[in-house]
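The values are calculated or read from the model by the stated rules, or taken from the named source; none is laboratory data. Because the structure is predicted, anything quoted here is derived from the model rather than measured. Reconstructed Cβ throughout: ideal geometry from the backbone, glycine too, with neighbour counts over all protein chains shown. We work out accessible area using only protein heavy atoms, side chains counted, and drop any ligands, DNA or RNA first. Shrake-Rupley method; radii C 1.70, N 1.55, O 1.52, S 1.80 Å.
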Amino acid sequence: MPETIGRRTLRLGFVPLTDCAPIVVAQELGLFKQFELQVRLSCELGWATVRDKIVHGELDAAHALAAMPFAATLGLGSAAVECLTALVLNLHGNAITLSSDLWKRGVRDGHSLREAVQAARNEKVFTFGVVFSFSSHRHLLRKWLSIYGIDPERDVRIVVVPPPQMAMNLKAGNLDGFCSGEPWNSVAVDSGSGWIAATSAELDPGHPEKVLMVRRDFAERRSEDHLALVAALKAACEFCEQPENYSEIAAILARPKYLGVPAEILLRSFSGELDCGHGTTRRVDNFLNFHRDDANEPTSSRAAWALQLVRASGLCPEPAKLNFALGRKIFR
């Protein structure tokens, strides 16, 4: 029998990114309490920590990359533990940022980056950061590089870096570019260490980005709590979609216990009005989507997208397991 709602506090993890907004909003505006839940938030450095804490039961639920429930279920990089999602938290929200050093070398786009990579072949291998092995960021970066004739396997080096450490590693010269969620692209722009070259909304329109990840045994054993958690977060996603709420949300996220980034920088993600650096600004429609166009539904097409991401990584030793049945079992 499912445990009674509120028997114990739910432990809900998140990584400090703009798209953790529904989780923070649900806590700060009392939406969890409206659904008779007691929730303790846990700010995590990166996705490997989130995965490990879900797998080992240190978190009940978490803000997670869309492909993470598949990777955990299959034991890719961790012990195999069945996980699932019943809620997509957002679509899009990522960008590719290149270093100011590349700008000084004359790089302005993918075409000129290819020229720089070729010119520096005997000098250095350019290094780019992504946030996790099974992430949209790795997929987006590889796709963008390939469009311009840059082989992501041979021409550059791709390394995993936690999102909050991207901008500082770019500034320190450890990275030549990265693909991450906001606000870390805008932080790099504001520090003068980088400039935005592309966004995920443009590279892969409609892609699922973050989901609510739980262990299957949690969803079954505490089904009422799980349902209440999904309902509270869906209400928070609706709140985050409304333009009249953007300033309030940015002010909350700016607090040190969440992102610790100025609200005016955070607002760019919500409005899509991006400062791309070096005097360039542009509006990206649908840059970050929390609710519109049925964004929260864990559909079979979104499951298929996440499955393909894991398949394309080449890190799954049994790709035959990445099938439709698994997709519907995990995105439910």
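The residues packed around HIS291, meaning those with a beta-carbon under 10 Å from its beta-carbon, carry a net charge of -2 if Lys and Arg are +1 and Asp and Glu are -1.
Under 15 Å of direct C-alpha separation, and excluding same-chain neighbours fewer than eight residues apart, LYS171 reaches these aspartates and glutamates: ASP101, ASP190. With the dipole of the chain worked out from charges on the C-beta (+1 for Lys and Arg, -1 for Asp and Glu) around the Cα centre, which of ALA72, LEU140, GLN34 lies farthest toward the positive end? Positive-end residue among those listed: ALA72.
A Förster distance of 30 Å, applied to the separation of the beta-carbon atoms of LYS33 and ARG328, puts the FRET efficiency at 0.35. Pairs of Cα atoms in region 254-332 fall into 5 Å distance bins, from 0 up to the last occupied one, in shares of 3, 12, 14, 13, 12, 13, 15, 11, 6, 1 percent. Dipole magnitude for region 70-187: computed about the Cα centre from +1 point charges on Lys and Arg Cβ and -1 point charges on Asp and Glu Cβ, it is near 240 debye.
If Lys and Arg each add +1 and Asp and Glu each add -1, what is the summed charge of the other residues whose beta carbon sits under 14 Å from the beta carbon of SER191? Intermediate values should be presented prior to the final figure.
On the way: positive: LYS171; negative: ASP101, ASP190, ASP275.
The answer is -2.
Applying a threshold of 24 Å to the alpha-carbon distances of LYS143/LYS210; LYS257/LYS329; LYS53/LYS257 flags LYS257/LYS329 as lying beyond it. The long axis of helix 136-147 is offset from the longest Cα principal axis of the chain by roughly 30 degrees. Protein heavy-atom accessible surface, 1.4 Å probe, per residue over region 187-328: 42 Å². Report, in debye and to the nearest 20, how large the dipole of the chain comes out about its Cα centre when Lys and Arg carry +1 and Asp and Glu carry -1 on their Cβ. Roughly 760 debye, rounded to the nearest 20.
Based on DSSP, what percent of beta bridges with both residues in region 91-216 are antiparallel, to the nearest 5? Bridges in region 91-216 are about 65 percent antiparallel. Expressed as a whole percent, the accessible surface of the chain that belongs to carbon and sulfur atoms is 49, based on a 1.4 Å probe.
Does region 202-328 classify as rounded, prolate or oblate by the C-alpha gyration tensor (a ≥ b ≥ c root eigenvalues; a/c under 1.5 gives rounded; else a/b over b/c gives prolate, otherwise oblate)? Oblate shape, in that a/c is at least 1.5 and b/c is the bigger or equal ratio. Is region 1-70 best put as rounded, prolate or oblate by its Cα gyration tensor, with a ≥ b ≥ c the root eigenvalues, rounded for a/c under 1.5, and otherwise prolate when a/b is larger than b/c, oblate when not? It comes out oblate by the Cα gyration axes.
Binning the C-alpha pair distances of the chain at 10 Å intervals from 0 yields a P(r) profile of 6, 28, 35, 23, 8, 1, 0 %, listed from the shortest bin outward. In region 70-181, the inverse of the mean reciprocal separation of distinct Cα atoms equals 15.2 Å; this is its Kirkwood hydrodynamic radius.
Out of every Cα-Cα pair in region 1-120, what percent are more than 20 Å apart? Cα-Cα pairs in region 1-120 separated by more than 20 Å: 57 percent. With the helix formula -39500 (n - 2.57) applied to DSSP H stretches of n ≥ 4, the chain reaches a computed 222 nm mean residue ellipticity of -11500 deg cm²/dmol. Net charge of the neighbourhood of ALA304, taken over other residues with C-beta under 12 Å away and scored Lys/Arg +1, Asp/Glu -1, is +3. Available extension along the chain between ALA251 and SER301 is 14.5 nm, counting 0.36 nm per residue and deducting the alpha carbon span. Here r is the Cβ-Cβ distance between ALA80 and VAL159 and R0 is 22 Å; the resulting FRET efficiency, rounded to 0.05, is 0.30. Each DSSP beta bridge with both residues in the chain is either parallel or antiparallel, and the antiparallel ones are about 65%.
Could you rank the peptides 276-286, 123-133, 35-45 by their average count of other C-beta atoms within 10 Å per residue, with the highest value first? Can you show the working numbers first?
Working: 276-286: 13.6, 123-133: 19.9, 35-45: 16.8.
Taking the mean over residues of other Cβ atoms within 10 Å, the ranking is 123-133, 35-45, 276-286.
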